[in-house]
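Below you'll find the structure, written out as structure tokens, and then a few comments.
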Amino acid sequence: GAGVSQTPSNKVTEKGKYVELRCDPISGHTALYWYRQSLGQGPEFLIYFQGTGAADDSGLPNDRFFAVRPEGSVSTLKIQRTERGDSAVYLCASSLGTGKTDTQYFGPGTRLTVL
Amino acid sequence: AQKITQTQPGMFVQEKEAVTLDCTYDTSDQSYGLFWYKQPSSGEMIFLIYQGSYDEQNATEGRYSLNFQKARKSANLVISASQLGDSAMYFCAMRGPNTGGFKTIFGAGTRLFVKA
């Protein structure tokens, strides 16, 4: 498809488990972003990749959260020892990576529920 | 600190009328970008319009226009001729050097209800 895709669309897990969320960006987009959106709030920045490297990971809440983008395309957000407070929609976006006018295109999100 | 404020949690508008969604921002940057996104109930964020801080003219995209008042630090979204499909959450967002360049911060959003 032409847009950003995210899998799974829904993930239910138990407290303490490990989860991986996948993002497949638009082909040719060098920049990739992860956001977390809690109910009734705007998206909250987590991490930004330019190519394979994490250019800004200042939004990751703690060391249970980690993201990779090994080949500069698909990215995986990994959450260890999940907590109930991690429940949210995780949004991925990609962009051309050309500058501040760069438009981000978002995927449909993964709804994570931690029981 | 960089901040986006959207003071209208919910707005109602009659179909075919215009509506203004408010957004104010706080930044010490001179160069920054302002964005509006629409989020329907499906959850996907849809880019609507962009305004650069040095752009002298207000941005327009079809039925969307951005009322940019730099001195007041406001970037209100105007939707003309509202349609039922415009019912959604609307987010104002900002990016600039002090947000880290590519990092974007979002407001809390305004839910728009279009009445038939």
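The values are calculated or read from the model by the stated rules, or taken from the named source; none is laboratory data. Note that the coordinates shown come from a computational prediction; the quantities given were computed from them, not determined experimentally. Neighbour counts are summed over all protein chains in view; Cβ atoms, including those assigned to glycine, are modelled from backbone coordinates with ideal geometry. These accessible areas exclude ligands, DNA and RNA; they are computed on the full protein's heavy atoms, side chains included. Shrake-Rupley method; radii C 1.70, N 1.55, O 1.52, S 1.80 Å.
Summary table below
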quantity: Simple spin-label estimate for residue B:108 and residue B:80 in nanometres, 7 Å along Cα-Cβ; calculated: 3.2 nm
quantity: Estimated buried accessible area (total), pair A and B, 1.4 Å, Å² to nearest 100; calculated: 1800 Å²
quantity: Average partner coverage of B:104-110, which counts Cβ from other chains inside 10 Å; calculated: 5
quantity: Label zone at residue B:20 (point 7 Å along Cα-to-Cβ), backbone N below 17 Å, the stretch B:52-70; calculated: B:58-60, B:64-70
quantity: Candidate residues A:69, A:22: accessible-area rank, largest first, probe 1.4 Å; calculated: A:22, A:69
quantity: Simple Cβ-charge dipole of the protein assembly as shown, Lys/Arg +1 and Asp/Glu -1, about Cα centre, in debye nearest 20; calculated: 460 debye
quantity: Accessible area (Å², per residue) of the protein assembly as shown, counting only protein heavy atoms and a probe of 1.4 Å; calculated: 47 Å²
quantity: Chain A, relative contact order [Cα under 8 Å, separation at least 6], %; calculated: 36 percent
quantity: Globularity index of chain B, i.e. its alpha-carbon radius of gyration over 2.2 N^0.38 Å; calculated: 1.02
quantity: Probe 1.4 Å - accessible area at residue A:57, Å² to nearest ten; calculated: 90 Å²
quantity: Fraction of accessible area attributable to carbon and sulfur, the protein assembly as shown (%, probe 1.4 Å); calculated: 48 percent
